[in-house]
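**Student:** After the structure tokens below, expect a handful of questions from me.
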2 protein chains.
Amino acid sequence: MGTSSAGNAQYQRLVTDLLGVMAYGELSAFGRLSSDARYAPTLHDRALLGRIAVIEFQHFELASARLEELGVDAEETMLPFQRSVDHFHERTKPGDWYESLMKAYVIDTVSSDFYRSVSEFLDADTRELVERILVSEESTAVLRELLQHALAEDPRLASRLALWGRRLVGEALTQAQRVSMEHALLGPLLSSTGDARETVGKLTADLAERHSRRMTGLGLTA
Amino acid sequence: MGTSSAGNAQYQRLVTDLLGVMAYGELSAFGRLSSDARYAPTLHDRALLGRIAVIEFQHFELASARLEELGVDAEETMLPFQRSVDHFHERTKPGDWYESLMKAYVIDTVSSDFYRSVSEFLDADTRELVERILVSEESTAVLRELLQHALAEDPRLASRLALWGRRLVGEALTQAQRVSMEHALLGPLLSSTGDARETVGKLTADLAERHSRRMTGLGLTA
């Protein structure tokens, strides 16, 4: 499905749904991260996590502004995703500062991979916007460095964080599958290949593999 | 004490202490507000409070950057104020969304009045920076409108919020006095008049009166 279909209602619905889930995801990540920042061991670290939270908020504003441009109410578009995103956060409450860092890193990277895959089949404007909402190379690098530093300081953290990383990616992939299925977010991907089960399976495996490589990069057994 | 004294060590200490307490106050307000935002009745309101929190973070960054320019470590400068600011927040935990709004509004306005009074006796550069850190006309207006709207929707809120406002201003003034005394923040004000007790008393009365006028503006009995 290319730009030629950009006019049709089903396609517009797909785009607004995608922006809606991204907007709510960012707004909710902002709230979680800025709360978690309070548990930072130093004010310097608290400020680093605060800055990442602020970037999430700005990305929420980008998505939200585009929704308004498209003539839809941002709140209405986010609401259908609120329950499952909140549920995900309830199930993955970090126990301390290090688990907060790991959660931010895993969610940030896995959701970027996911939204990027979905947006590959969308029109250029939407794809470019999704890219801008996702681009957080700076945030990802800061989180990675904080994790690397923490692991170097206390090698005993490794097994706990490896376990936590597996738990997080499991919940994130389940969440991504459920949201995609309920809201037909994978529509373009599915219609381009035909077999829904196979496509979803392949995407999930791909996301898991990229996550695994990042965990190995941190010296953790994914 | 004017710009002529800007070179002396005691004066520099006063400036860094003032920026230190402001920086920590903003960082801490950011964390509290963005957490409180989760209890907003609508996603629209959550985003409004989130935006105010983001502005607090940007003000923290302004103060922090100036401290670094002055060659002092921002974290070191903030630390001496952490305990009393945190203690203040512990003593004034909002019970719900409306109490959060009121707290943000009261702290925002009373602390602006306080820092502005202190900075009147400082050099023009510092005064201008303090003004930029404080300027949040937009935030104050948004909070006032949210409160006015809530009070119009549910007039029973008035007595509870009036009581809460009195509690907040009492704690805020006690806090301002303690911090000023412990860190000699009122140095310039005191040395310009001579009588410490009288000056602090007058400043406190002045802050209380301005707060009272704002409460009356909301239709509350301050």
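**Student:** Need pairs with beta-carbon distance below 6 Å; first residue farther than 21 Å from B:Met181 by Cβ and within the range B:5-33, second among the acidic types (Asp, Glu) and at pLDDT 90 or above; sequence gap 6+ or separate chains.
**Tutor:** B:Ala6/B:Asp123; B:Glu26/B:Glu56; B:Ala29/B:Glu56; B:Phe30/B:Glu56
**Student:** Still on this model: Which of the residues belonging to the range A:79-118 are within 14 Å of another protein chain (Cβ to nearest Cβ) and either of a type in the set (S, T, N, Q) or in contact with a Cys (Cβ under 6 Å, 6 or more places away or on another chain) (or both)?
**Tutor:** A:Gln82, A:Ser100
**Student:** So, one more: Between a residue in the range A:183-211 that is within 13 Å of A:Phe114 (Cα to Cα) and of a type in the set (D, E, K, R) and any residue that is modelled with pLDDT of 90 or more and outside any loop (DSSP other than H, G, I, E, B), which pairs come within a Cβ distance under 7 Å, given they are 6 or more apart or on different chains?
**Tutor:** Short answer, once both residue conditions are applied: A:Arg210/A:Asp113.
**Student:** Of all residues in the range A:66-76, which are at the interface with another protein chain (Cβ under 10 Å from one of its Cβ atoms) and part of a loop (DSSP other than H, G, I, E, B)? Let's see the steps before the verdict.
**Tutor:** In the first step, residues of the range A:66-76 are kept if they are at the interface with another protein chain (Cβ under 10 Å from one of its Cβ atoms); the result is A:73-76.
Passing the criteria: only A:Asp73.
**Student:** Another question about this same structure. Looking for whichever is touching a residue at least 60 places away in the same chain (Cβ under 8 Å), surrounded by fewer than 20 Cβ atoms within 10 Å (Cβ to Cβ) and either polar (S, T, N, Q) or farther than 23 Å from B:Ala205 by Cβ (or both) here; the options are B:Glu138, B:Glu131, B:Glu99. Which one fits?
**Tutor:** Working: B:Glu131 fails: touching a residue at least 60 places away in the same chain (Cβ under 8 Å); B:Glu99 fails: surrounded by fewer than 20 Cβ atoms within 10 Å (Cβ to Cβ).
Just one listed residue meets the conditions, B:Glu138.
**Student:** Could you list all residues from the range B:141-158 that are without any contact (Cβ under 8 Å) to a residue 24 or more places away in the chain and either assigned to a helix (DSSP H, G or I) or among the charged types (D, E, K, R) (or both)?
**Tutor:** Filtering the range B:141-158 for residues without any contact (Cβ under 8 Å) to a residue 24 or more places away in the chain gives B:141, B:145, B:149, B:152-156.
B:Ala141, B:Glu145, B:His149, B:Ala152, B:Glu153, B:Asp154, B:Arg156, listed by residue number.
**Student:** Still on this structure, I have one more. Of all residues in the range B:36-65 being more than 8 Å from every other protein chain (Cβ to nearest Cβ) and outside any helix (DSSP H, G or I), which is farthest from the chain's Cα centre (by Cα)?
**Tutor:** Among them, the one singled out is B:Pro41.
**Student:** Tell me, please, whether a residue that is at pLDDT below 90, surrounded by fewer than 18 Cβ atoms within 10 Å (Cβ to Cβ) and not aliphatic (A, V, I, L, M) can be found in the range B:205-214. Before you say what the answer is, go through the steps one by one.
**Tutor:** Within the range B:205-214, the subset at pLDDT below 90 is none.
Among the residues of the range B:205-214, not one is at pLDDT below 90, surrounded by fewer than 18 Cβ atoms within 10 Å (Cβ to Cβ) and not aliphatic (A, V, I, L, M), which makes the answer no.
**Student:** May I pose another question? Is at least one residue of the range B:20-32 under 30 Å from B:Arg156 (Cβ atoms), buried (at least 17 other Cβ atoms within 10 Å of the Cβ) and within 13 Å of chain A (Cβ to nearest Cβ)? Break it down stepwise before answering.
**Tutor:** Of the residues in the range B:20-32, the ones under 30 Å from B:Arg156 (Cβ atoms) are B:29, B:32.
Next cut, buried (at least 17 other Cβ atoms within 10 Å of the Cβ) only: B:29, B:32.
Now narrow it down to the ones that are within 13 Å of chain A (Cβ to nearest Cβ): B:29, B:32.
Yes, that holds for at least one residue.
**Student:** Filter the range A:1-12 down to residues that are outside any loop (DSSP other than H, G, I, E, B) and in contact with a helix residue (DSSP H, G or I) (Cβ under 9 Å, 6 or more places away or on another chain) and give me whichever is modelled with the highest pLDDT.
**Tutor:** The initial filter retains those residues of the range A:1-12 that are outside any loop (DSSP other than H, G, I, E, B), namely A:3-5, A:9-12.
With in contact with a helix residue (DSSP H, G or I) (Cβ under 9 Å, 6 or more places away or on another chain) added as a condition, the list becomes A:3, A:5, A:10-11.
Details: A:Thr3: 47, A:Ser5: 47, A:Gln10: 82, A:Tyr11: 87.
My answer is A:Tyr11.
**Student:** Given (1) in a helix (DSSP H, G or I); (2) among the hydrophobic types (A, V, I, L, M, F, W, C); (3) more than 13 Å from every other protein chain (Cβ to nearest Cβ); (4) under 21 Å from A:His183 (Cβ atoms), where does A:Phe121 come up short, assuming only one miss?
**Tutor:** So A:Phe121 meets the others, but not (1).
**Student:** Provide a single number: the residues in the range B:114-132 that are charged (D, E, K, R), modelled with pLDDT of 90 or more, closer than 15 Å to B:Tyr11 by Cβ and in contact with a helix residue (DSSP H, G or I) (Cβ under 8 Å, 6 or more places away or on another chain).
**Tutor:** Total satisfying the criteria: 2.
**Student:** Could you tell me whether A:Val85 is modelled with pLDDT under 95 and either crowded, with 18+ Cβ neighbours inside 10 Å or closer than 22 Å to B:Asp36 by Cβ (or both)?
**Tutor:** Values: modelled with pLDDT under 95: yes; either crowded, with 18+ Cβ neighbours inside 10 Å or closer than 22 Å to B:Asp36 by Cβ (or both): yes.
Answer is yes for this residue.
**Student:** Among residues belonging to the range B:52-75 that are free of Cβ contacts under 8 Å to residues at least 12 places away in the same chain and among the charged types (D, E, K, R), point out the one that is nearest to B:Leu27 (Cα to Cα).
**Tutor:** My answer is B:Glu61.
The values are calculated or read from the model by the stated rules, or taken from the named source; none is laboratory data. Please read all numbers here as calculations on a predicted model, not as lab measurements. Counting neighbours? That spans all protein chains shown, and the Cβs are built from the backbone with ideal geometry, glycine included.
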